[in-house]
Amino acid sequence: MTSRSSNRLFYHLVAFVVVAIWGSTFVFTKMLLLAGLTPAQIFTLRFIIAYVLLLGYSLFTHRFLLFSSSWRDELLMFALGVTGGSLYFLTENSAMNYTTTTNTSLIVSLSPLIATFLISLFYQSQRLNRVQSAGSLMAALGVVIVVLNGRFVLHLSPIGDSLAFSAALCWGFYSLLMIPANLRYDTLFITRKVFVYGLLSMIPYYLWKPEETVIFTASVLSVLDLPVLLNLLFLGCVASMLCFLAWNWVLKKLGAVIATNYVYFNPVTTILFAWAVLSEQITVYFLLGTVLILLGMILVDKYPKLTGQVS
């Protein structure tokens with residue numbers, strides 16, 4: 001195996017590990033919800049942890065840069081913080097208050113299709129060829145089979161489904177905006193900006209719902225409980241700080257389209273984690289859908305027409 005191919009294999013491995021970790025976060029988030037924290041509070045706390053750690057590392061390594069080189073780039077960083085942070089998490093979590101988890105998971109997991117469409121509109125060099133497009137659609141079909149799990153009945157909810165689609169749209173725009181950001185700034189700076197603007201853009205939400213400002217009062221008491229604290233530290237240190245750093249790096253290495261297709265594995269890793277931890281059953285539909293996702297991903301990467309990828 002050549003150095004180039006081994007490097008590329010490593011990039012794919014990192015992308016898969018990140019998606020696998022994100023697929024496991026439902027258990028940790030559920031435990032925090034049961035402990036009395038709200039989705040907005042969980043998001044805020046995990047992003048605060050991630051930002052403080054990255055800020056400390058930046059200062060320690062003398063790689064701290066306060067602002068981007070232009071106000072346009074600073075607006076780009078703000079947009080990344082909103083689309084990949086506050087707005088994405090709020091729409092995804094709020095969707096489950098109006099529609100089923102199945103609907104939400106299915107719609108959000110199809111975000112690679114949205115990302116591929118948006119990126120192809122603005123970057124001709126990032127467009128998939130026919131084989132890659134067929135592979136992406138095959139992987140999307142695999143997601144549908146995995147999520148529905150043989151129950152081919154969806155309970156339509158205009159509000160909930162619209163919120164879930166908004167979350168998928170946010171991730172699509174995040175993937176699109178990461179292309180120019182990665183060309184001009186390093187991964188550490190971008191990721192730190194995502195966290196800080198994700199937090200700042202939550203301020204209007206807390207002004208709209210002032211009752212949730214008890215995040216540092218009553219909710220702090222539950223955070224002091226060791227199991228809750230450990231879950232929160234996992235979400236902040238691993239699922240947020242390390243995974244966002246790794247994901248933004250992989251977007252630069254593999255290209256936004258190919259990397260984003262790994263989101264198709266999210267429901268697969270979620271079900272595997274539930275099987276390992278909660279003893280949930282693995283069905284033939286899960287196996288069939290997983291095979292389709294794997295075959296689709298192989299096709300997407302087998303004919304790398306995309307340019308701008310670093311080996």
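Some points to look at:
- For first residues located in the range 262-276 and within 24 Å of residue 115 (Cα to Cα) and at pLDDT 75 or above, partners that are polar (S, T, N, Q) and part of a helix (DSSP H, G or I) and lie 6+ apart or on another chain with Cβ distances below 7 Å form the pairs 263/109; 263/111; 264/109; 266/109; 267/105; 267/109; 268/290; 269/24.
- Among the helices (runs of 4 or more DSSP H) confined to the range 163-254, the ones with at least 2 residues that are under 17 Å from residue 115 (Cα atoms) and modelled with pLDDT under 90 are located at 243-254.
- Yes/no for residue 285 being farther than 14 Å from residue 297 by Cβ and not in a loop (DSSP other than H, G, I, E, B): yes
- Residue in the range 283-296 that is open to solvent by 20 Å² or more (accessible area, probe 1.4 Å) and at pLDDT below 80 present: yes
- Filter result (open to solvent by 20 Å² or more (accessible area, probe 1.4 Å) and either within 15 Å of the chain's Cα centre (by Cα) or over 17 Å from residue 233 (Cβ atoms) (or both)) within the range 35-52: 36, 38, 39
- Complete set of residues in the range 53-94 that are among the hydrophobic types (A, V, I, L, M, F, W, C) and closer than 21 Å to residue 236 by Cβ: 53, 54, 55, 59, 60, 64, 77, 80, 82, 87, 89, 90
- Residue within the range 124-135 that is modelled with pLDDT of 85 or more, open to solvent by 20 Å² or more (accessible area, probe 1.4 Å), on the phi < 0 side of the Ramachandran plot and in a loop (DSSP other than H, G, I, E, B) present: no
- Qualifying residue in the range 103-112 (condition: among the hydroxyl-bearing types (Ser, Thr, Tyr), open to solvent by 20 Å² or more (accessible area, probe 1.4 Å), part of a helix (DSSP H, G or I) and in contact (Cβ under 8 Å) with a residue 40 or more places away in the chain): yes
The values are calculated or read from the model by the stated rules, or taken from the named source; none is laboratory data. Keep in mind the model is a prediction, meaning the values are calculated, not measured. Please note: Cβ atoms are built from the backbone with ideal geometry, for glycine as well, and neighbour counts cover all protein chains shown. Surface areas here come from the heavy atoms of the whole protein model, side chains and all, with no ligands, DNA or RNA. Shrake-Rupley method; radii C 1.70, N 1.55, O 1.52, S 1.80 Å.
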